[in-house]
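Read through the structure below, which is laid out as structure tokens, and then see the notes.
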Amino acid sequence: MTNSSSNTPGSARLRIAVIGTGNLASTLGATWVRSGQELSVFGRSFDRAAAVANEIGGTAIAASSVRAHDLVVLAVSPDGVQEALTLVGAPGGALAGVPLIDTTNPIDWTTGRHLLASGSFAEQVAHWAPGSLVVKALQSYAGHMWLNSPDPERTVALCGDDPAALELVARAVTALGGLSLVVGGLEVARQAEEATAFVARIAAAGGNPRLTVPALQPNRR
């Protein structure tokens, strides 16, 4: 399913909480703010979160307020994910029932290998945040691409098990200026994670991923 709906003036804006204060968090956040969404920022340092929020037009929030949003975006490095989720109370069920976008790239960029021997990092996130509605998405594009290089055909693959969560994430992607495509449940998220690493390896070797991967005709359903 490809989602290409747009945010119309009468549509309700999304309340998005971003966990993280780095480049991806700030550029995604800035793009959402620009499209009229309500954006909150949480980080280990409230002062840092406040600085990022002030820069992009959002609001810094405390850990207890993260769950009070339409969706939560996990935008931290893989080695900081468990701590970040613990800070917001996710292991105790604080994010139960909340759509949670996992944007992480669990790859050793030196070797190109996945950090986990089996399974996906998105499934690990779901384990650390029991009851949350995890969707793997947005790991393939650098944040600045959304902010500075809009492309109406840019498509984000979504992996998740909850239809309502997938629909909310699709709306968030639309607000960034792209399209979304549901490719499967969390059981295929590892493929999405490894595909990102493979594309990066092609670019590092001097190739153009667009030319290296066959341009197949989509299966229209």
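The values are calculated or read from the model by the stated rules, or taken from the named source; none is laboratory data. As the structure is a prediction and not an experimental result, all values here were calculated from the model. Quick reminder, even Gly has a Cβ in these numbers, built from the backbone with ideal geometry, and neighbours come from all protein chains shown.
Kindly indicate which of ARG15, ARG48 is touching a residue at least 24 places away in the same chain (Cβ under 8 Å) and closer than 19 Å to ASP70 by Cα. Walk me through it before giving the result.
Numbers: ARG48 fails: closer than 19 Å to ASP70 by Cα.
The match here is ARG15.
Please enumerate the residues belonging to the stretch 159-215 that are acidic (Asp, Glu) and part of a helix (DSSP H, G or I).
GLU167, GLU187, GLU193, GLU194
May I ask you to list the residues in the stretch 26-72 that are of a type in the set (Val, Ile, Thr), more than 15 Å from the chain's Cα centre (by Cα) and either surrounded by fewer than 18 Cβ atoms within 10 Å (Cβ to Cβ) or closer than 21 Å to ALA142 by Cα (or both)? Walk me through how you get there before you give the answer.
Just the residues of the stretch 26-72 that are of a type in the set (Val, Ile, Thr), to begin with: 27, 31, 33, 41, 52, 56, 59, 61, 66, 72.
Still in the running and more than 15 Å from the chain's Cα centre (by Cα): 33, 52, 56, 59, 61, 66.
Within the stretch 26-72, VAL33, VAL52, ILE56, THR59 qualify.
Looking at the stretch 139-154, is at least one residue in a loop (DSSP other than H, G, I, E, B) and modelled with pLDDT of 95 or more?
Narrowing the stretch 139-154 to residues in a loop (DSSP other than H, G, I, E, B): 139-142, 149-154.
With modelled with pLDDT of 95 or more added as a condition, the list becomes none.
No, because not a single residue in the stretch 139-154 is in a loop (DSSP other than H, G, I, E, B) and modelled with pLDDT of 95 or more.
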